[in-house]
Each structure stands twice: as C-alpha cells, then as structure tokens.
Amino acid sequence: MNALLLRLLPYIAAVLIGAAGAWTWQANSYTAILAVSEANHQSDLAMISAAGAAQARKALDKQQIAEQALADLDRKAQKEKTDALAENEKLRADVASGARRLRIAGSCRASGSNVPDSTSTASVGDAGSIELSPAAGSTVLAARSGIIADQAALKALQSYVLHVCRPMN
C-alpha cells in the first residue's frame with residue numbers, strides 16, 4: 001500500500017498544484033472583474049452626481065431669474081399704484097377744500113320710468129350735470145382709491161403670469 005501511495009503521490013501533488021493554480025487564477029480574474037465593476041460604478045455615480053448638480057444649478061438660476069423679474073414687476077406695480085393713489089388723494093383734498101368740484105354728467109327723462117310724473121310745470125332738461133357736495137365727492141374719490149388698488153393688484157397678477165410664470169414653462 002505504501003508503494004501505491006508513493007506512486008500516486010506525484011499525481012496527487014500535480015492535481016493539488018493545478019487546483020491551487022486554478023484557484024489563484026480564478027481569484028485574480030474575479031478581483032479584476034470586481035475592480036472594473038467598482039470603477040464603472042464610481043464613474044456612473046460621478047456622472048449622476050454631476051448631472052444632479054447641474055440640474056440643481058439650472059433650477060436655482062431659473063428661480064433667481066423669476067425672483068428678479070417678480071421684484072421688478074412688484075416695484076413697477078407699486079410705483080404705478082402709489083402715483084395713482086397720490087393723484088386721487090390730491091383730488092380728494094381739492095374737493096374737500098373746495099378748490100375743485102366733482103360733477104357727474106347725467107340725464108333724466110320727465111316722462112320716463114326714471115322720474116315719476118309731477119303736476120308742476122317745471123321740467124328737467126335731458127342732459128345736465130349734478131354737482132356733489134364735498135363730503136359726497138370725498139366718498140366717491142375714496143371708492144375710486146379702492147378701485148385703483150384693485151386694478152393695480154389685477155395688473156400686477158397679470159404681469160406676473162405673463163412675465164414670470166409663462167417663461168418658466
């Protein structure tokens with residue numbers, strides 16, 4: 001049995017050396033494959049990160065442009081509103097002081113449904129004007145200032161949609 005074992009020993013050693021060599025070669029092959037895979041993965045992550053950063057910069061630039069446009073529109077709308085309200089306040093002060101009078105053009109029909117028939121012989125002309133008292137004129141101009149503010153707000157919103165929202169789409 002010893003003689004048989006001694007004869008088989010070189011074959012067993014050759015098989016073991018071959019297995020060890022194959023094992024080493026396969027381990028090196030897998031290590032190389034894993035190294036290439038890891039490098040590709042890192043490269044992909046770097047590209048994804050760069051693309052995300054570029055997209056974030058682009059979004060930030062877009063937001064800053066929109067904010068600047070909004071600030072410009074806001075300044076313009078606020079100036080227009082302030083100017084219109086200042087003019088209205090000047091008119092209101094002039095009406096209150098008596099320097100100006102507020103008249104409203106209108107017409108009345110004596111035989112129409114607007115004014116009941118009267119038995120007097122006095123008549124009202126078709127066209128004329130009504131002069132308001134300073135207090136009534138001030139009330140009309142106060143209502144006008146509310147209208148000015150509402151129109152300014154609507155104009156600002158329309159400008160916002162046209163110049164800020166639409167360019168972003």
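Any read-out appearing in this document is the output of simple, stated calculations on the displayed coordinates, not a laboratory observation. Values in this document were obtained by computation on a predicted structure and should not be read as measured data. No Cβ is skipped: glycine too gets one built from the backbone with ideal geometry, and neighbour counts run over all protein chains shown.
How far, in nm, would the chain grow between residue 2 and residue 104 when pulled straight, counting 0.36 nm per residue and subtracting the alpha carbon separation? Walk me through the numbers on the way to the answer.
On the way: separation 102, 0.36 × 102 = 36.72 nm, distance 13.46 nm.
Going from the current span to full extension adds 23.3 nm.
Helix 2-97 sits at what angle to the longest principal axis of the chain, using alpha carbons and giving 0 to 90 degrees rounded to 10?
Its long axis makes an angle of about 10 degrees.
So how much slack lies between residue 144 and residue 13, counting 0.36 nm per residue of separation and subtracting their Cα-Cα distance, in nm?
Gain on extension, residue 144 to residue 13, equals 36.3 nm.
Where a Cα-Cα gap under 17 Å defines reach, which lysines qualify for residue 76, not counting those fewer than 8 residues away within the same chain?
155
Mind checking which of 56, 30, 96 is farthest towards the positive end of the chain's charge dipole, using Cβ charges of +1 (Lys, Arg) and -1 (Asp, Glu) about the Cα centre?
30
Quick one: length gained pulling residue 63 to residue 42 fully straight, 0.36 nm per residue minus the C-alpha distance?
Contour length minus the Cα-Cα distance gives 4.4 nm.
Give me the three principal axis extents of the chain from the C-alpha atoms, as integers in angstrom, largest value leading.
So the three principal-axis extents are 157, 36, 21 Å.
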